[in-house]
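Chemist: Below is one structure. I have some questions about it.
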Amino acid sequence: MKIVFYGSGNMAHAIFSGIIDSNVIDPNDIYITNRSNEAVLKGYADELGVNYSYDDAALLADADFVFLGTKPYDFESLADRIRPYITDRNKFISIMAGISIQYIRKELGHDNPIARIMPNTNAQVGHSVTGLSFSKNYPETDRQKVVDIVNAFGSEMEVQEDALHQVTAITGSGPAFLYHVFEKYVDAGVRLGLDKEEVEESIRNLIIGTGKMIERSDLSMEQLRQNVTSKGGTTQAGLDALSKHDIEGIFEDCFNAAVKRSKELSNKQ
Ligand SMILES: NC(=O)c1ccc[n+]([C@@H]2O[C@H](COP(=O)([O-])OP(=O)(O)OC[C@H]3O[C@@H](n4cnc5c(N)ncnc54)[C@H](OP(=O)(O)O)[C@@H]3O)[C@@H](O)[C@H]2O)c1
């Protein structure tokens with residue numbers, strides 16, 4: 001199975017290194033390319049054992065899966081570059097935010113199957129939560145291969161294409177929202193009179209430990225919370241204070257704003 005990456009930037013690198021780390025694909029079957037920065041390609045080839053090339057005819061002649069991994073605003077130039085060399089064998093996987101399957105098809109000028117994925121930056125540590133959507137003509141067996149590829153750098157959630165806006169809001173932008181919450185957690189800790197650096201270090205470890213508890217447990221978040229809350233204790237007192245605020249409403253506002261922006265960006269096509 002030959003996989004070609006058009007665009008070898010931050011996200012593409014997270015994806016192909018994740019695929020290699022999890023032994024899903026042999027590095028020899030991965031080909032990477034970019035606009036012009038050959039030194040980057042050479043570096044990844046030396047480090048990971050992948051191939052690199054600027055020969056589009058050779059790259060696409062026998063490629064099974066072709067990642068479209070440029071910034072959205074570079075897609076037109078990418079489409080111009082590869083259009084003459086696309087073959088029936090090529091199944092596309094786009095990681096570009098906000099660019100619809102219909103628009104990709106129009107720009108490529110071919111009816112090849114197209115999948116869209118919406119990963120997040122946690123792909124760098126093999127923990128992306130990735131939204132996934134397929135064009136109607138994506139063959140069933142190839143869908144499973146795409147799912148296997150996506151699972152190599154985290155987990156996947158298949159949705160209708162329209163719902164990728166919601167996935168973008170909840171998990172695509174999710175790491176930044178959670179970082180912001182943790183920042184505020186640190187700031188509030190410092191206000192109790194503790195040393196900022198020590199609070200930050202402790203809260204990093206708190207987050208890592210809590211994440212590992214969630215990872216290792218089959219219990220719901222609610223149950224995990226209840227398990228550490230004794231009636232009349234300190235945790236209960238803090239939670240009572242928290243529940244006076246509309247936390248759900250705050251996140252609803254945050255997600256609605258991100259969904260709105262995602263729709264605005266894709267309407268610009
Ligand atoms: N970063 C994230 O967290 C994230 C999350 C979800 C989705 N995404 C999506 O991932 C995509 C890539 O983002 P990124 O952060 O990885 O961008 P990036 O680091 O800027 O990388 C962009 C890559 O595209 C290449 N490129 C540009 N024009 C090209 C062309 N005509 N032909 C071939 N390659 C071309 C660049 O090559 P040169 O270096 O040679 O210019 C570079 O390798 C975006 O569409 C974004 O929406 C990113």
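Chemist: Before anything else, pin down the relative contact order of the chain: Cα pairs under 8 Å, at least 6 apart, normalised by residue count, whole percent.
Modeler: On the way: 362 pairs, mean separation 40.1, N = 269.
With pairs under 8 Å counted, the relative contact order is 15 percent.
Chemist: Mind telling me which of 57, 123, 97 comes out most flexible in a GNM of the chain, alpha-carbon contacts under 10 Å?
Modeler: Per the Cα network of the chain with a 10 Å cutoff, 57 tops the list.
Chemist: Check the straight Cα-Cα distances from residue 91 and name the lysines below 20 Å, setting aside those fewer than 8 residues away within the same chain.
Modeler: 2, 71, 106, 136, 145
Chemist: Here's another thing I want to ask about it. First select every other residue whose beta carbon is under 14 angstrom from the beta carbon of residue 129; then total the charges, Lys and Arg +1, Asp and Glu -1.
Modeler: Net local charge, residue 129 excluded: -3.
Chemist: Testing the spin-label approximation: label points 7 Å from Cα along Cα→Cβ at residue 229 and residue 205. State their distance in nm.
Modeler: 2.6 nm
Chemist: Here's a follow-up. For a quick check of your reading of the filter: which trypsin sites (Lys or Arg not before Pro) in the range 160-269 sit in a DSSP loop and have no more than 16 other Cβ atoms within 10 Å? Let's see the in-between values first.
Modeler: Values: sites: 184, 191, 196, 204, 212, 216, 225, 231, 244, 260, 261, 263, 268; in loops: 231, 244, 268.
Listed in order of number, the matching sites are 231, 244, 268.
Chemist: What 222 nm value per residue comes from the helices of the chain, counting each DSSP H run with n ≥ 4 as -39,500 (n - 2.57) and dividing by all residues, nearest 500 deg cm²/dmol?
Modeler: Roughly -15500 deg cm²/dmol at 222 nm, from the helical runs in the chain.
Chemist: A follow-up question, please. Pairs of lysines 8 or more apart, or on different chains, with alpha carbons under 29 Å: count those in the range 174-264, would you?
Modeler: 12
Chemist: Find out how many positive minus negative residues lie around residue 199, taking Lys and Arg as positive, Asp and Glu as negative, among other residues whose Cβ is under 15 Å from that of residue 199.
Modeler: -3
Read-outs: derived from the displayed coordinates by stated rules, not from any lab. Remember, predicted model here, so these are calculated numbers, not experimental data. Positions of Cβ are backbone-derived with ideal geometry, glycine not excepted, and every protein chain shown enters the neighbour counts.
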